[in-house]
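The values are calculated or read from the model by the stated rules, or taken from the named source; none is laboratory data. Just so it is clear, the structure is predicted and the values come from calculations on it, not from any experiment. Glycine also receives a Cβ, built like all others from the backbone with ideal geometry; neighbour counts cover every protein chain displayed.
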Amino acid sequence: MCIEVALKDFSPFSIAAWRIVIATAALIPLVLGMSFSFPRDQKTWLLFFATGLLYNAVPFTLISWGQQFITSGTTSIVIASGTFISLLLSHFLTHDDRFTLPKFAGVTIGFSGVVVLTGVEALDGSSEAVLGQLAIVAAVSFYILSSLIVRRITGVPPLVMSAGILATSSIYMAPVILLFDNPFPSSPEWSSITALIFLGLVPTAFAYMLRIQIVHQVGTTFLSQVSLLIPMFGLFWGWLFLDEIPTQASWTALVLITIGMVVTQMGIGRRLTTTRQNPNNRKPDQIT
């Protein structure tokens, strides 16, 4: 919702860059003030740079660009596809998180919701809306891939890791934005500026630390289930503050995606219960 407000005055690239820079400026003083130290080994910083590109620079830009053509409510529904993308990637990229019948059924039902949402736009001839939705799907895919990389970074406190990854993202974004875009539009509205500040501090800086900690504790697939809440809140806030009226296709997609997540949760819940009861069965390189 804040991205949609900020788009009134800032370009998609500027929004992505500003939220990263603001988050970095907020976290680095915290790291230094709490007497933490940044890692000094090359491997960790290489992982920081890789994660900064895939976790921040690329998906933030894609989401902001995609929202030029679709509403915040539609964006929230498409973001919910993250759960199913996570399951697909985990099935093919790990050795111990394969499809079960509930997972397969949930992925099939959930993706049918995304197809309904995208298909209606395509049939209506709204090619820009379809491109916007595909940009959001691509952004979610980058989120999931980067979460797998985050699992490989060990021995670094979440606050330090968050600040380090965001700092590397700033190194990517700041020079490019200054050369190829205008990060300082003339006479921007206060609502746009406030939306940018909120984006940088809350869903980027603060939430970033929580995401990293949760990824390390319970894995990518479990974390991705928060997508169940995103469409509900996205549609509600869009209706309440932006006068966005959900379409019939949006409601149909929301129902299908929610059912898919519930069915998928049946398989994941049983697996987590088994893992807790038999902790010795958990492999050292398990990602999800």
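Against the definition (under 23 Å from MET1 (Cα atoms), in contact with a helix residue (DSSP H, G or I) (Cβ under 6 Å, 6 or more places away or on another chain) and at pLDDT 80 or above), how does LEU256 come out, yes or no?
Working: under 23 Å from MET1 (Cα atoms): yes; in contact with a helix residue (DSSP H, G or I) (Cβ under 6 Å, 6 or more places away or on another chain): yes; at pLDDT 80 or above: yes.
Yes.
Using the structure shown, decide if VAL160 is within 14 Å of VAL31 (Cβ to Cβ) and not in a helix (DSSP H, G or I).
Values: within 14 Å of VAL31 (Cβ to Cβ): yes; not in a helix (DSSP H, G or I): no.
No: the conditions fail for VAL160.
Look through SER186, SER169 and report the one residue that is over 26 Å from GLN133 (Cα atoms), of a type outside the set (Asp, Glu) and either surrounded by fewer than 17 Cβ atoms within 10 Å (Cβ to Cβ) or modelled with pLDDT of 85 or more (or both).
On the way: SER169 fails: over 26 Å from GLN133 (Cα atoms).
Result: SER186 is the single residue among SER186, SER169 that is over 26 Å from GLN133 (Cα atoms), of a type outside the set (Asp, Glu) and either surrounded by fewer than 17 Cβ atoms within 10 Å (Cβ to Cβ) or modelled with pLDDT of 85 or more (or both).
Taking the condition under 27 Å from GLY113 (Cβ atoms) and either among the aliphatic types (A, V, I, L, M) or modelled with pLDDT of 75 or more (or both), does LEU235 pass? First the steps, then the outcome.
Values: under 27 Å from GLY113 (Cβ atoms): yes; either among the aliphatic types (A, V, I, L, M) or modelled with pLDDT of 75 or more (or both): yes.
Criteria met by LEU235.
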**OP:** State whether one or more residues within the range 122-129 are at pLDDT below 65 and either hydrophobic (A, V, I, L, M, F, W, C) or over 20 Å from THR252 (Cβ atoms) (or both).
**Re:** yes
Original post:
When both residues are 6+ apart or on different chains and their Cβ atoms are under 6 Å apart, which pairs have a first residue that lies in the range 239-254 and is in a loop (DSSP other than H, G, I, E, B), and a second that is buried (at least 19 other Cβ atoms within 10 Å of the Cβ)?
Top reply: GLU244/THR71; GLU244/GLY73; GLU244/GLY238; PRO246/GLY73; PRO246/LEU235
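Conditions tested, residue by residue: (1) under 22 Å from PHE49 (Cα atoms); (2) in a helix (DSSP H, G or I); (3) out of contact with any strand residue (DSSP E or B) (no Cβ under 8 Å at 6 or more places or on another chain); (4) modelled with pLDDT of 85 or more.
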| site | (1), (2), (3), (4) |
| --- | --- |
| GLY110 | no, yes, yes, no |
| LEU145 | yes, yes, yes, no |
| ALA174 | yes, yes, yes, yes |
| TYR208 | yes, yes, yes, no |
Subject >> Checklist (1) modelled with pLDDT under 75; (2) in contact with a Leu (Cβ under 6 Å, 6 or more places away or on another chain); (3) of a type outside the set (Phe, Trp, Tyr); (4) in a helix (DSSP H, G or I) applied to THR273, failing item >> reply: (2)
